Amino acid sequence: MVKNDPFANATKQVNDACDIIGIKDKELRKYLAMPNKVLRVKIPVKMDNGKIRVFTGFRSQHNNDRGPYKGGIRYFDPEGGVEYMEREVMALSSWMTWKCAIVDVPLGGGKGAIYVNPKTEKLSEGELERLTRGFAFKISEIIGPGKDIPAPDVYTTGKEMTQIMDTFSKLNGNVYSPGVITGKPISMGGSLARNVATGLGAAYTVREAAKALKISLKGAKVVLQGFGNASTFAGEYLEKMGAKIIAVSDSKGSISIPKGAKVSAILAHKEEKGSVVGFPGSTKISTEELLTTKCDVLVPGALENQIDAKIAKNLKCKIIAEAANGPTLPEADPIIYQKKILVIPDILANSGGVCISYLEWVQNNMGYYWSFDEVANKMEKNITKGFKDAYELSKKHKIDMRKATMVLAVERVLEAFDQKGIWP
Ligand code: NAD
């Protein structure tokens, strides 16, 4: 048994949606909840000291009824160990299925991970490359431009994506295969706007939520949990919309900046000192204090399982934009709904990443590349429509946004499943 099992959370969300849609068939519910395949691999790596170290990696392929599997690869060492990580990738692959469906991109859900923390373990560049290429080799048979298209996630970047693309290409007769992976550097066939996509998409969803609640973003107070790709770009674009960042955190701690500070200034401090902690004019606070800071918009943009029932009771925000995957425990959802806080669930709030990943893949497949604005505008359309569809449904059925997005997504996947049927 895994504590705070993320896959149990993901399954509950599928079952909740099935209850609302009226799907009683247990086997169909199982089909929707379970991944199609979970591959667990060992990756032996020759370390710099000449010794061999064996790492564990996963790739979970949840559902491909609407298109090839799609989802990031993270390098991390969650507290629950490798068993927790397996459940985590299963959950994340499920969320990818629903995410692609809600923003209506023709892709399915996948996710991968290696149990390693490259930051705390200080792996050398060479060790990381051998690990990445070793993992690419082990999963090469189940990935491909028409099969399963990975992308970056926690502690992986365009560099690892390039190494995976290159390994895949070499294993397949040197066929140039940029469409096997997204989140690549621009020079490797990446898409403009991919780097900012998740944060920009989250900011678009906050804009739509603020419109729905008739809140102005001018001077709106924003709290960011995490200070990585998703949260910093969400912060920067919210700043451009007029909002002010008043508290942030990273793996080393949380800080409150009541007067507000520019993301760029906090980033510069983090780059110099290695953490947001110690930013001039800030006070160190606990994670709980960060999450329960009085603000307009809370962006949990780091890890899962951050908002439990206790924190939910003490939340003092109007909108939660879940830039991270699975930051809210199921027990917290009814409490948050009762408090009339509008949650933009992860599968919608952070779907900008997969929207632009999809557009990167399209560009790779056609060998023709769009400008930043063309890509960002296409993503804005998909994500805005996803928000509006879900918001309307939540009002119509008097359900929270998590349930509404899940209902829409499950219905869209079921429609494809019904068309295809089962073979053999
Ligand atoms: P990242 O590696 O760029 O940043 C992760 C951040 O989280 C870092 O600032 C790290 O210091 C911080 N962090 C780690 N442990 C923490 C803790 N205990 N408390 C507070 N902060 C902590 O990763 P990312 O790409 O920004 O991903 C963050 C979340 O967003 C993940 O849940 C990921 O699945 C999700 N997400 C990311 C993308 C994307 O395109 N980057 C897309 C969809 C979803």
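The values are calculated or read from the model by the stated rules, or taken from the named source; none is laboratory data. What you are looking at is a predicted structure, and each value in this text was computed from that prediction instead of being measured. As a convention, Cβ positions derive from the backbone with ideal geometry for all residues, glycine included, and neighbour counts pool all protein chains shown.
Here are G126, G183, G179, G173: which of them is under 29 Å from G367 (Cβ atoms) and part of a helix (DSSP H, G or I)? None of the others qualify; the one that does is G179.
Evaluating K211 against the criteria (1) touching a helix residue (DSSP H, G or I) at 6+ places or on another chain (Cβ under 8 Å); (2) surrounded by fewer than 22 Cβ atoms within 10 Å (Cβ to Cβ); (3) in a helix (DSSP H, G or I) leaves one unmet condition, (1). From L200, L131, which residue is away from the ligand (no atom under 16 Å from the Cβ) and buried (at least 20 other Cβ atoms within 10 Å of the Cβ)? Result of the check over L200, L131: L131. In this structure, I142 qualifies as hydrophobic (A, V, I, L, M, F, W, C) and farther than 18 Å from E360 by Cα. Taking the stated definitions as given, is I285 closer than 17 Å to L315 by Cα and more than 15 Å from the ligand (Cβ to nearest atom)? Against the criterion (closer than 17 Å to L315 by Cα and more than 15 Å from the ligand (Cβ to nearest atom)), I285 does not qualify. Would you mind stating whether Y176 is at pLDDT below 95 and out of contact with any Ser or Thr (no Cβ under 9 Å at 6 or more places or on another chain)? It is false that Y176 is at pLDDT below 95 and out of contact with any Ser or Thr (no Cβ under 9 Å at 6 or more places or on another chain).
Of all the criteria given as (1) farther than 13 Å from V206 by Cβ; (2) at pLDDT 95 or above, the one not satisfied by L238 is (1). When each of A349, A409, A404 is tested for being surrounded by 24 or more Cβ atoms within 10 Å (Cβ to Cβ), farther than 17 Å from N195 by Cβ and free of Cβ contacts under 8 Å to residues at least 24 places away in the same chain, the lone residue that passes is A404. On inspection, K138 passes the criterion of being touching a residue at least 60 places away in the same chain (Cβ under 8 Å), over 21 Å from the mean Cα position of the chain (by Cα) and under 24 Å from V2 (Cβ atoms). On the stretch given as region 249-298, residues that are hydrophobic (A, V, I, L, M, F, W, C), over 16 Å from E239 (Cβ atoms) and not in a strand (DSSP E or B) total 3. Selection over region 260-276 of residues that are within 21 Å of A203 (Cα to Cα) and away from the ligand (no atom under 13 Å from the Cβ) gives a count of 5.
Each row is one residue, and each column tells you yes or no for (1) among the β-branched types (V, I, T); (2) in contact (Cβ under 8 Å) with a residue 12 or more places away in the chain; (3) within 12 Å of the ligand (Cβ to nearest atom); (4) surrounded by fewer than 20 Cβ atoms within 10 Å (Cβ to Cβ).
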| site | (1), (2), (3), (4) |
| --- | --- |
| G146 | no, yes, no, yes |
| T156 | yes, yes, yes, no |
| L171 | no, yes, no, yes |
| I181 | yes, yes, no, no |
| V196 | yes, yes, yes, no |
| T205 | yes, yes, no, no |
| K221 | no, yes, no, yes |
| E236 | no, yes, no, yes |
| G242 | no, yes, no, yes |
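Summed over region 369-384, the residues that are of a type outside the set (S, T, Y) and within 24 Å of P327 (Cβ to Cβ) give a count of 4. Considering region 309-357, the qualifying helices (runs of 4 or more DSSP H), each wholly inside and each with 2 or more residues that are aliphatic (A, V, I, L, M) and within 16 Å of the ligand (Cβ to nearest atom), run over 346-349.
Here Y391 meets each of (1) in contact (Cβ under 8 Å) with a residue 24 or more places away in the chain; (2) assigned to a loop (DSSP other than H, G, I, E, B); (3) more than 17 Å from the chain's Cα centre (by Cα) with one exception, condition (2). Scanning region 371-387 for residues that are buried (at least 17 other Cβ atoms within 10 Å of the Cβ) and within 15 Å of N195 (Cβ to Cβ) yields V375, A376, M379. Residue-level analysis places M85 among those that are touching a strand residue (DSSP E or B) at 6+ places or on another chain (Cβ under 7 Å) and more than 12 Å from the ligand (Cβ to nearest atom).
Quick grid of which residues meet (1) farther than 21 Å from K385 by Cα; (2) under 20 Å from the mean Cα position of the chain (by Cα); (3) polar (S, T, N, Q):
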{"site": "I142", "(1), (2), (3)": "yes, no, no"}
{"site": "S177", "(1), (2), (3)": "yes, no, yes"}
{"site": "A197", "(1), (2), (3)": "no, yes, no"}
{"site": "V222", "(1), (2), (3)": "yes, yes, no"}
{"site": "G242", "(1), (2), (3)": "yes, no, no"}
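Can you go through S256, S231 and tell me which one is in contact (Cβ under 8 Å) with a residue 40 or more places away in the chain and not aromatic (F, W, Y)? S231 is the lone residue from the list that is in contact (Cβ under 8 Å) with a residue 40 or more places away in the chain and not aromatic (F, W, Y).
With respect to the conditions (1) away from the ligand (no atom under 16 Å from the Cβ); (2) farther than 29 Å from M90 by Cα, N365 lacks only one, and its number is (2). Every listed requirement among (1) within 14 Å of the ligand (Cβ to nearest atom); (2) surrounded by fewer than 15 Cβ atoms within 10 Å (Cβ to Cβ) is met by L298 save one, (2).
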